[in-house]
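Bear in mind these aren't lab numbers, they're just calculated from the coordinates by the rules spelled out. Everything numeric here is computed off the predicted structure, so don't read it as measured data.
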Amino acid sequence: MKLTPIAFALGTMFVSSAAFAAADFVTVDVNADGQISMEEAAVKVPEMTAEQFKAADANGDGVLSADEYAAAMAQ
Ligand SMILES: [Ca+2]
Ligand SMILES: [Ca+2]
């Protein structure tokens, strides 16, 4: 039964990674400036259309902040 805790830990890891099926912010923010440009979204989140990007850009500054991206991914 010594393997049981390890199996449980592995199972927990898989569950955790499944919760991040969508690319997470730091992955999409290729140049690490803390914002996601439309170009970065197009490369890392190709299923996001320009219309969806603009809808996610709540303050209309042309880039997505971490909060804006998280809100868009939560929909
Ligand atoms: Ca960026
Ligand atoms: Ca914005």
statement: Phi angles of segment 66-75, converted by Karplus (6.51 cos²θ - 1.76 cosθ + 1.60, θ = phi - 60°) into ³J(HN,Hα) in whole Hz with x for Gly and Pro, give 4, 5, 5, 5, 4, 5, 5, 6, 7, 6
task: Note down the Stokes-Einstein diffusion coefficient of segment 22-74 in µm²/s, whole number, using a Kirkwood radius over alpha carbon pairs, 20 °C, and 1.002 mPa s.
output: 203 µm²/s
statement: The long-range amide H neighbours of residue 64, using H built 1.01 Å from N in the peptide plane and a cut-off of under 5 Å, are 36, 37
